[in-house]
Amino acid sequence: MEDVHEPSPMDSFGPGRIVKPVGKQRFRGWEVVGENKIEVVEKLVMWPKEGELLVRVRSCGLSMSDVMQRKGGFVSPVGASPVLGQEIAGEVVATGESVYDWSIGDRLCCLVPSGAFAEFCICPAAQCLPMPKG
């Protein structure tokens with residue numbers, strides 16, 4: 001199956017092509033910007049910290065907490081991304097320090113505090129599971 005997506009400034013990220021962002025690379029995500037209002041916003045790419053992964057999101061799930069957050073009835077944990085979404089599937093494009101079980105290009109799924117409805121998401125490596133083959 002062909003990978004069809006809208007061009008992004010982050011397309012240079014991928015297996016064998018990862019470079020450490022210098023604060024200018026951006027990605028898009030969905031964020032609650034007012035009462036019952038969601039907009040696509042641009043954010044700076046965050047480099048993964050110790051024990052974290054930067055993941056290119058290929059799929060995300062919609063959960064009740066996302067619906068409640070949109071309606072103002074759920075608040076993300078302190079320090080979490082304001083971008084919606086808690087369930088992702090994708091591939092690793094960068095690893096933080098002390099991450100030894102994951103490599104660039106590995107496919108995974110993960111529950112995150114927030115940030116799944118975006119092109120890229122920071123994931124705690126310990127919360128990630130390998131994608132089943134097939």
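The values are calculated or read from the model by the stated rules, or taken from the named source; none is laboratory data. If you're wondering where the values come from, they're calculated on a predicted model, not measured in any experiment. Note that we place each Cβ from the backbone using ideal geometry, even for glycine, and neighbour counts take in every protein chain shown. Note: accessible area is taken over every heavy atom of the protein model, side chains too, but ligands, DNA and RNA are not part of it. Shrake-Rupley method; radii C 1.70, N 1.55, O 1.52, S 1.80 Å.
Here are a few things to note about the model shown:
- Considering residues of segment 78-113 that are touching a residue at least 40 places away in the same chain (Cβ under 8 Å) and within 23 Å of Ile38 (Cβ to Cβ) only, the residue most open to solvent (accessible area, probe 1.4 Å): Pro82
- Yes/no for Glu52 being touching a Lys or Arg at 6+ places or on another chain (Cβ under 6 Å), surrounded by 16 or more Cβ atoms within 10 Å (Cβ to Cβ) and modelled with pLDDT of 70 or more: no
- Any hit, segment 58-65, residues being surrounded by 12 or more Cβ atoms within 10 Å (Cβ to Cβ) and modelled with pLDDT of 90 or more: yes
- Qualifying residues in segment 85-106 (those that are part of a strand (DSSP E or B) and not small (Gly, Ala, Ser)) - the one farthest from Ala118 (Cα to Cα): Thr95
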